[in-house]
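These notes concern the structure reproduced below.
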Amino acid sequence: MARIVKKNYILRHIILIIITILVLFPLVWVVATSIRRDNAAFSPKLFSSRVTLRNYQELLFPQQNVPEVIKDFSDLSSYIGDYSDYTYEKALKKSDELSSDLRKYVTDSTNAFIDIEKIYTDIFDNFNKNYINELISDVNVIRTKDSDIIAKDYSKINSFFEQNGIKTDTGNLEKLISDFLSKRSEIFSELKNYEQSFPEYYSETRDVLFSFPLKTTVWKIRVYNKWKREEPNADVLGQKVLEMGDLSKEIENEMNSLDEFISQGISEKYAQFLDNKSTVENVIETVNNKITETNKTKEALNKNLSDLNNKFSAISDIYIPQKERVISAYNIIKKLSNEDNQIFKLDPDDENIYQILSVLSKELKPAYDNIQSIDIFINNGLADTLKIYSETFEYMYDNFYAIIKNKEKDEFASSYQALDSVILKLEITANDINLLSEQYVDVYEKIAKADKDTESLEESLKNAQSELQNMVSENSDYENIQESENFSKLVFVKSFTENPINNVDEAYYYSLFMSSKYYSGFSPELKRYFLMEWYYDLVESKAKYDSGRQKMETLMGNLINELDKYEANKDDLLKLNLGTNVAAITIIENMEDLYDKNYNSAKADLARASRIVSDMSDNTKYGSLKRDLRKIDKDLYNFDENWTKKIRKPFVRWILNSLIIAIVSSVITVFITSIAAYPFSRMRFRGRKQGLLFLMLIQMFPAIMYMVAMYGLLKFIGTYVPFIGLDKLGGIIFIYLGGIAYNMWLFKGYYDTIPDTLEEAAMIDGATRFQTFWMIVFPLSLPIIAVVIILSFMSNFNEFVLARIILQSEQNFTYAVGLQQFSNANGPFETEWGLFTAAALIGAVPMVILFLSMQDWIVGGMTQGSVKG
Amino acid sequence: MKGLTKFLIWSVIGLINAALIWAVFTIFSLGNYGMGTIIAIFVIAADWAVFSPKGYPYRYTLPALFFVFLLTIYPMYYTFKTAFTNYGTGNLFSREEAINTLLNDPSYFYEPEDGDILNFKVFVKYDDNFKPTEDFLILLKNGKDYYLTEKPEILKYNSKGQLTNAESRMYKIENDTVTINTNTYSVMRSETKMSESQALIVSIEDQNGKRYSYFYGIGDPTVASNSAYYNSVLREKYIKALEINYQAKKFRLSSRNIYRNFSETYRVYDISVKSESKGERKIYKTVVVNKLTNREVVENDSAFYDIDTNGNLKRLVGYIDNVGFSQFDKIINDPKISGPFLKIFIWTFLYALLSVIFTFIIGLVLALVLNDKNLKGKIIYRTLLIIPWAVPAFISALVWKNGFFNETYGIINKFFLGTFGIAPIKWMNDPFWAKVAVLILNTWLGFPYMMTVTLGALQSIPDELYEASSIDGASPWRQFSKITMPLLMIAVSPLLVMSFAFNFNNFTNIYLLTGGGPAIPGANTPAGSTDILISYTYKLAFDGRGQDFGFASAISIIIFIIVSGISYVNFKISGAFEEVNR
């Protein structure tokens, strides 16, 4: 007792909390992903704050959206699919329903657009009234930070120059630059007056004005000349812009001369070092080139080798299988070696063989010599085979006549025949095999050489590289030397960042310029200038939204037109296809066309607008702006869901199927097993001791292999008892009734704990054995019944292998099978994470709740019998 | 009341008996002797139990035994039997069915070059709503002659319920009338003449006034809208396998002309009888003969082969046959199979062992931490930590597979490794990492179970032992190793072994997560690096091309022996069944 120290508990709690978070993280992720609006699979963010419950609604209470309504119209008017048995009256009624649905969607969307428009206007108003000053000051804060960093770099380099006696004078340049920047500001404010009247000229001029150096030549032709004709006042402005162009050129020249001056100084001081460095760099480059070349050669050689390998394996397939045959035949024929080998006239067949043998005996030995040391051929036996063959055929060639003379003799006939057939088979390859082997050896050696070359090249590369490294690290000023090459640009950027920003355009171009890596020594992180681009992004999103909205309004307008046409004639149109489908209803085809051709481009625009808006709402810090942007995002999301084609699954049906199957099978199982377990506990009979064990062991048989038998069984039963067949719920329930052994064990264990005095008393009073079971023991076993029902229910609900094979049509899937089918690679759930996680949760949560509330019972049941005492 | 119940019970027993006996006979007549025998054994045993006083205890077990027989013993028998056959793709039917295919399958027909060709039109009787019915006639034309045939009466189906054969006769129309089977049909032509010699036939009426109207003709645009019904109902159910007999000729839909007309078609193969002399007796054997070449079809290796023009054997169709122990031999002797098999075997053991070890260690640690009376919030922690076990396994597997281990979009690769600067791991394509993934999933799923049972077992260890030992000066580690572990192991080891057996056969996790994992190169069976024996079996038997049920059955038997062996030893040692001796 004295060992308990309070502070240990905090440690324990911390550890436990960390472990719990790690363990539950996947589930938390599932919940968070199921309510996300964006497509989580493609999003760079782990969690998102844009939430929606739409995924759940789609799964549990699916409603038709616009493309589905249109398709229904088409099916209805042609009387196909679900509508093939509709009468005229029913069709009329349904058509009215569909019409009103479509109109409602259109009205809702139109209203949504009006709302969004209003919000946008509000935002822009607010911006100009409230935000703009705050924004500008925030932007300048960022700018000042940048300026500090640049100033530090500047002073560092300057001191380096001083150390080395390089006297730079940047005063003039800096003055020029700040002149330039302030002039630019003035011109821009003048230019802004033309924003509304000449928007195109305005934007092009603005782009030119904010670039550095100014690209005035093209601008002059495209914009200036035209503009001054239309608006004489613009002439003055244009002149100023041209002047700016000249000024920027002047600045560039200054910068170049500064750079030259510096590089002269540097090279005087560091000439030697720079020389060495460039020599080593050259070496590295040459070696690298050589390596690439060698690799290319090796690639080609390897390809060659693999081609040859293929040819050789074809040959091996012919040669190697015959080896044993040849060996044994040769052994027999060798016994002829004492016969004389006199030449005589041969039959044409034998002559043929003789010719082939002459080739073979000449070609095989050199081929063997070539490949005898190559591993592949040793391993697959070709080398050995060739050796044997060359020996055999040489012998045959030398002693051919003797062999032919004796070829009919009993002892030799069969061997000769065997060899004959082998030789005929080898005829095709006889000429090639030596050639092939030479080629092979050639390529093989070339590859080996190339490998060696590569090795030595890489060796020298490594050496050169480490030499370079050493040089660089020994020279502590190396960094500064590198940076001095950019000094003029550094000066420019320094002045640039010292110049205050006064409006959103300047801010935007500031961010463009600084992110363009004009000065390579400063690279800002991605999100740094988000604030500066903000306004421009908002304008872009509005533009996209406008374009998308316009397209949608045209689309919706046209749809309504067609719908009106349809309604005017619907009484007659619906009679056309009554009976058989003869004619496609053009009006409805038009509606489908309108949707197919026009929706996607509108959707693309609106999706872009929504993306910009959502990113902004995550990153902005202005509270009411965030709210507004969120609202736009939500409206656009709902719109998208209403109009985009979806893949629908009969999800609710699946869950219902699973529930029915699990409940029915577990209830039936309880009855069967509770009755069956009774005698094991209460009576004596043969097989009592081993029976239960035997049953449990039998059920260890892997259920998967039941499948083939089960398939046939269900098919057979299905022809006679319709509801227990393949692809039927009854069939699955039937199969699940097989899992009885474990449950029997649980029941028996429980019965053992019920004293049998009650039953004895009842039997004395005249009850039959079965009645004592049914009325006394069974009711008393309620706890274990509950356990068995729950365990059966859970295991049957989660069972998926048997269900997958037996249930084939989508309507009959259980929840487990459906979820698995549709989350396969290429299934729709693979990247529709929102839907998938929502579906997973809908199934998981009830089971988890059920489990947790029953956990004591479940655990008690499972460990019963193993924990004694 | 009692009499009524008794009567009910006896009548139910009688009904069930009748149903089962009828089932046995039906099954025997279908040729499935195995199932029939098993049910028959059951019926006999059940009846003995019902009628003999000594069989009283067994009566309780009857419903359960019925299902055991049907759903466990029969499949076991079936699997045992199949393990000794070559049942699989290429050998899917019985010998009779194989012969049947040769005789009836459309790929074994030939159309003589100069055979007759008949164009045809379909005439259908409409019902009251002007919808077509399945009552139809076919009008055929050859040059100037017209023929009529009724809907085929003789229809044959195969075991899958598909139409294999339909037969009918056709009769020549003379003077616009024809008599078929006592029914006289007359041909109605249109008023206007389409060409000089003949007017269009619009309908055909029988002698009772039933009218068949022109419904469909190939390539006729005026009836193109009826093609759906023709194709999906009439052709599918009757015409596609229809053989029309006329005099000595037989006609079928011509495959050479894309089924646009009927042409003379004959079967290539036919059965005939051959007599062989075996010693003194003459036996008659049915053989299949190729009618074009007049040669007998060669039967070899559980398949039928025909000899083609080059003298080579061409495999036609295979049938199921006993091959003895060759499936088991394959495992040991065939290098392309035994290599992967061994790998899978070893991995199965490793997988089960490592799963048990990891889950047990984590569960034990957590249980030790949580097993303190004074720890606040113990129940909350326990409930939270049990959740991975509560979530259905397949959901977890799918979530981990899609969301976490997905190589491109998965969270681990996208977010976690990125922040530590490690390159993305190929969870699904690298054999080693796939195994790691599977083990991670299994540990996550399994540790709550271990934690719970260990907690329960720990709680049953009396505290006095600890107090006594600490008085004697034992350190916490000694207490753990000498008191906790031994007592724990007694309680928990049967569960560990059961968990081992469970994981040995844990198909769901592996299959859902990796599908067996990246394939083992060079194997000619679908073996993967994370396959365990049972998922390998499943893939062999059910996945895609080349199903080999025989081989799969052989492996199942091996699995069964191993797992039941382990469990048997486990049960014996743990004495879990000892109380049976009451």
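What follows is calculated from the coordinates using simple rules that are stated; it is not laboratory data. Because the structure is a prediction, the values reported are computed rather than measured. As a convention, Cβ positions derive from the backbone with ideal geometry for all residues, glycine included, and neighbour counts pool all protein chains shown.
Assorted remarks:
- Exposure proxy ranking, count of Cβ atoms within 10 Å, fewest first, for A:TYR720, A:TYR545, B:TYR266, B:TYR538: A:TYR720, B:TYR266, A:TYR545, B:TYR538
- The mean of 1/r over all pairs of different alpha-carbon atoms in segment B:444-530, once inverted, gives a Kirkwood hydrodynamic radius of 16.2 Å.
- Theoretical FRET efficiency, 1/(1+(r/R0)^6), r = Cβ-Cβ of B:ASP145 and A:ASP432, R0 51 Å, to 0.05: 0.20
- Spherically averaged projected area in nm², based on the convex hull that wraps the Cα atoms of segment A:8-48: 3.4 nm²
- Reference-scaled alpha-carbon Rg (2.2 N^0.38 Å with N residues) for segment A:428-512: 2.51
- Helix axis angle, B:335-370 relative to chain B longest principal axis, alpha carbon, degrees: 40 degrees
- Partner lysines for B:LYS274 [C-alpha distance under 18 Å; skip if fewer than 8 residues away on the same chain]: B:LYS282, B:LYS285, B:LYS291
- Rg and Dmax, both from the Cα atoms of segment B:61-116 and both in Å, are 20.4, 70.
- Rounded to 10°, Cα long-axis angle of helix B:95-104 versus longest principal axis of chain B: 40 degrees
- Extension reserve of the A:SER328-A:LYS449 stretch, reckoned as 0.36 nm per residue once the Cα distance is removed: 39.4 nm
- Computed magnitude of the charge dipole of segment B:304-423 (debye, nearest 20; Cβ of K, R +1, Cβ of D, E -1): 720 debye
- Number of Lys-Lys pairs in segment A:237-364 with C-alpha atoms under 26 Å apart and a separation of 8 or more places or on different chains: 18.
- Listed residues A:SER495, A:SER456, A:LEU436: farthest to the positive end of the dipole of segment A:436-537 (Cβ charges): A:SER495
- Alpha-carbon gyration tensor eigenvalues x 5, square-rooted, for segment A:393-476, Å: 64, 10, 9
- Segment A:ARG688-A:LEU758, length gained on full extension (0.36 nm per residue, minus Cα span): 23.0 nm
- Segment B:264-321 has equivalent-ellipsoid semi-axes of 22, 16, 12 Å, by the square roots of 5 times the alpha carbon gyration tensor eigenvalues, sorted largest first.
- Over chain A: Kirkwood hydrodynamic radius from C-alpha pairwise inverse distances, Å: 39.3 Å
- Using only alpha carbons, segment B:114-179 has a radius of gyration to Kirkwood radius ratio (Rg to Rh) of 1.05.
- Put in order of Cβ neighbour count within 10 Å, fewest first, the listed residues A:TYR478, B:TYR269, B:TYR536, B:TYR409 become A:TYR478, B:TYR409, B:TYR269, B:TYR536.
- With bins 10 Å wide beginning at 0, the percent of Cα pairs of segment A:514-652 falling in each bin runs 10, 26, 23, 19, 11, 6, 3, 1.
- Translational D in µm²/s for segment A:86-209 (Stokes-Einstein at 4 °C, 1.567 mPa s, Kirkwood Rh from C-alpha pairs): 60 µm²/s
- Here is how the number arises for the protein assembly as shown: DSSP H runs of 4 or more residues each give -39500 (n - 2.57), the sum is divided by the residue count, and the result at 222 nm is -21500 deg cm²/dmol.
- Label-zone membership for segment A:93-109, site A:LEU578, 7 angstrom Cα→C-beta point, backbone N under 20 Å: A:93-99
- For segment B:467-508, the pair-distance distribution built from all alpha carbon pairs, in bins 10 Å wide starting at 0, is 26, 31, 22, 14, 6, 0 percent.
- Spacing of the modelled spin labels on B:GLU236 and B:LEU350, each 7 Å from Cα toward Cβ, amounts to 5.1 nm.
- Values of log10 I(q)/I(0) for segment A:127-191 across q = 0.16, 0.21, 0.24, 0.26 Å⁻¹ run -0.81, -1.04, -1.10, -1.12, by the Debye formula with one identical scatterer at each alpha carbon and no solvent.
- On the basis of the beta-carbon distance and an R0 of 51 Å, B:THR383 and A:ASP537 show a calculated FRET efficiency of 0.65.
- More than 22 Å apart - percent of Cα-Cα pairs taken over segment A:151-224: 46 percent
- A Förster radius of 35 Å combined with the Cβ-Cβ distance from A:ASN133 to A:THR107 puts the calculated FRET efficiency at roughly 0.30.
- Here A:ARG184, A:ARG769, A:ARG648 are placed in order of increasing Cβ neighbour count within 10 Å, fewest first, which gives A:ARG648, A:ARG769, A:ARG184.
- Chain A: DSSP helices with Cα axial extent of at least 27 Å and average Kyte-Doolittle hydropathy no lower than 1.0: A:7-34, A:651-682, A:833-853
- Computed over the alpha-carbon atoms, segment B:356-515 gives an Rg to Rh ratio of 1.07, Rh here being the Kirkwood radius from the mean inverse distance.
- Counting only the Cα atoms, chain B fills a convex hull of 364 Å³ per residue.
- Total charge dipole magnitude, the protein assembly as shown, about the Cα centre, Cβ charges on Lys, Arg, Asp, Glu only, Debye to nearest 20: 5860 debye
- Principal axis dimensions, largest first and in whole angstrom, of segment A:340-412 by Cα: 43, 24, 21
- Using every pair of distinct Cα positions in segment B:277-411, the Kirkwood expression returns a hydrodynamic radius of 22.7 angstrom.
- Pair-distance distribution P(r) for the protein assembly as shown, from all Cα-Cα distances in 10 Å bins starting at 0: 1, 5, 9, 11, 13, 15, 15, 13, 9, 6, 3, 1, 0 percent.
- Between 0 and 90°, nearest 10: helix B:33-51 axis offset from chain B longest Cα axis: 60 degrees
- Long-range tail of P(r) for segment A:299-374 (Cα pairs > 16 Å, %): 73 percent
- Label-point separation in nm, A:THR286 to B:GLN479, each point 7 Å along Cα→Cβ: 7.7 nm
- Remark: relative contact order (chain B) = 14 percent; criterion is Cα-Cα distance under 8 angstrom and separation of 6 or more residues.
- Note on B:SER186 and A:SER809: the model spin-label points, each 7 Å out from Cα along the C-beta direction, lie 4.6 nm apart.
- Compactness of segment A:609-704 - radius of gyration and Dmax, Cα, Å: 29.8, 83
- Working from Cα pairs under 8 Å separated by at least six residues, relative contact order for segment B:376-443 is 19 percent.
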